[in-house]
Amino acid sequence: MDDAITNRNDPYASLRFREFKFFLVIRFALIFALAMQFAIIEWKVYILTNDPLNLGLIGLAEFVPAFCLALFAGNIVDKKEKRGMVLRCIFGYLFIGTGLFFLTWDYVMAGVPKNMVLGLIYFLVFCGGIVRAFTSPSNFTLLSVLVPRELYTNATTWSTSAWQIGAIAGPALGGLCIAWIGVHWSMLLVLAFVLLALFCILQIAPKPIYYKEIGETVKQRLTSGLRFVWKTKVLLNAMALDMFAVLFGGSVAMITIYANDILHVGPQGFGMMRAAPAVGSFLILFTLAYKPIVTKPGIKLLASVFGFGLCIIIFGLSKNFVLSLAALFMSGVLDGVSVIIRQTILQLKTPDDMRGRVSSVSSIFVGSSNELGSFESGVAAKLMGTVTSVVFGGCMTLGVVITTYIISPAMRKLELKA
């Protein structure tokens with residue numbers, strides 16, 4: 001690790017560590033590639049089927065393995081060397097991306113029945129869910145050994161912001177690339193970003209393992225992360241808040257339908273709508289790096305999720321393209337704030353030897369809720385109609401925030417200290 005002055009008031013303090021800078025590129029490149037890939041596949045599937053339920057099934061295909069393997073993956077990650085685990089995950093994504101690249105090639109798939117194409121897409125998305133079960137805890141634990149503990153808040157701000165920007169900028173570029181170069185060649189760009197992540201992980205040295213063998217049974221090891229989160233109420237409340245907000249407010253899956261059938265803006269408008277939250281996240285990156293959240297973080301977390309719910313309602317009701325972009329922009333800003341606070345809580349409250357298991361619990365609560373939220377949105381759109389389902393999700397998000405405020409004094413009184 002570099003010799004660096006660990007001044008926690010320096011907004012660039014964690015960036016003075018060489019390996020952490022490579023880690024940031026990995027975080028951005030991987031989520032950028034995967035989110036772009038997900039958006040491209042959503043577009044491909046909707047064009048093939050013209051059915052919102054099939055969009056929901058994409059999320060379900062990734063949710064099931066990620067959810068089922070989460071506790072097992074966290075236990076494995078705690079026992080293994082973290083840089084090596086991230087490297088294995090990247091190779092897994094290369095395999096999946098290559099499969100989707102060939103699967104979207106008309107020359108290769110000529111004469112293949114549509115149902116078989118859909119089945120293969122769902123299979124590869126399912127494989128992505130398996131890999132993702134290991135990716136989240138591996139990244140989380142790797143960050144903690146790249147910077148000193150007193151810089152966790154600063155490092156988490158940069159790391160989370162890189163993730164947020166990649167998560168939303170990836171689909172934005174995906175939408176634009178679909179219009180410019182088509183679905184198949186857009187998948188080649190996805191592979192390029194995964195290869196960038198591969199290059200960067202090779203620049204990071206292997207790290208020590210902090211796992212302590214204390215004679216636990218397999219069942220005790222697998223459930224220890226759940227027990228820790230259950231006892232640490234502020235962690236439990238933060239995870240539950242974000243889980244339900246993402247679950248009910250997962251309107252991003254419906255942007256494809258809004259672009260095609262409601263606002264009639266085509267793939268260019270689809271790309272701009274996907275990009276709007278990315279711009280919001282990009283701006284909040286620099287704001288929170290210079291002005292980190294110090295006072296009343298719990299209240300600010302609740303307020304940001306409440307504002308996110310309002311943005312989803314406005315987006316759902318809007319028939320104006322500019323207003324829809326504005327609502328999505330603000331949703332990106334507010335979502336960025338909430339994720340940074342929650343990830344900082346997670347880093348500061350988790351013991352070093354349990355980071356993989358606790359992060360896996362977080363992925364059950366939060367990470368998988370993205371895909372489950374997509375499925376919920378698809379089912380709700382099928383049953384209620386697209387606009388009604390999006391507005392319903394925003395209203396449910398507001399209800400979750402109000403409930404959390406009432407029942408969680410620990411969240412209202414939360415302080416973030418290293």
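The values are calculated or read from the model by the stated rules, or taken from the named source; none is laboratory data. Worth saying up front: this structure is predicted, and the values here are computed from it rather than measured. We place every Cβ from the backbone using ideal geometry, glycine too, and count neighbours over all the protein chains shown. Protein only, heavy atoms only, side chains kept; ligands, DNA and RNA dropped before computing areas. Shrake-Rupley method; radii C 1.70, N 1.55, O 1.52, S 1.80 Å.
Side notes on the structure shown:
- Mean separation of Cα contacts under 8 Å (6+ apart) over length of the stretch 36-184, as relative contact order %: 43 percent
- The phi-based Karplus calculation (6.51 cos²θ - 1.76 cosθ + 1.60; θ = phi - 60°) puts the 3J(HN,Hα) values of the stretch 76-86 at 5, 4, 4, 8, 9, 6, 5, 4, x, 5, 4 Hz, whole numbers, x for Gly and Pro.
- For the chain: relative contact order, % (alpha-carbon pairs under 8 angstrom, 6 or more apart): 29 percent
- Projected area, mean over directions - the stretch 267-418, Cα convex hull, nm²: 10.3 nm²
- Net length gained if the chain between Gln268 and Ile407 were fully extended (0.36 nm per residue, minus Cα distance): 45.6 nm
- Longest DSSP-loop-exposure-free segment, trypsin sites (Lys or Arg not before Pro), the chain, at most 10 other Cβ within 10 Å: 1-318
- Each part reduced to its alpha carbon centroid, the stretch 108-154 and the stretch 385-418 end up 27 Å apart.
- Rounded tilt (10° steps) of 114-144 against the dominant C-alpha axis of the chain: 20 degrees
- Taking each of Lys300/Lys382; Lys207/Lys413; Lys21/Lys291; Lys80/Lys349; Lys291/Lys349 in turn, the alpha-carbon distance tops 32 angstrom for Lys300/Lys382; Lys207/Lys413.
- 0 to 90° range, to nearest 10: angle between helix 297-317 axis and the chain longest Cα axis: 0 degrees
- Summing +1 for each Lys or Arg and -1 for each Asp or Glu among the other residues whose beta-carbon sits under 12 angstrom from that of Pro206 gives +2.
- Accessible area (Å², per residue) of the chain, counting only protein heavy atoms and a probe of 1.4 Å: 40 Å²
- With contributions of -39500 (n - 2.57) from each DSSP H run of at least four residues, the per-residue ellipticity at 222 nm computed over the chain stands at -27000 deg cm²/dmol.
- Helix 18-49 and the longest principal axis of the C-alpha atoms of the chain enclose an angle of approximately 30°.
- Subtracting the Cα-Cα distance of Trp180 and Arg18 from 0.36 nm times their residue separation leaves 54.7 nm of extension gain.
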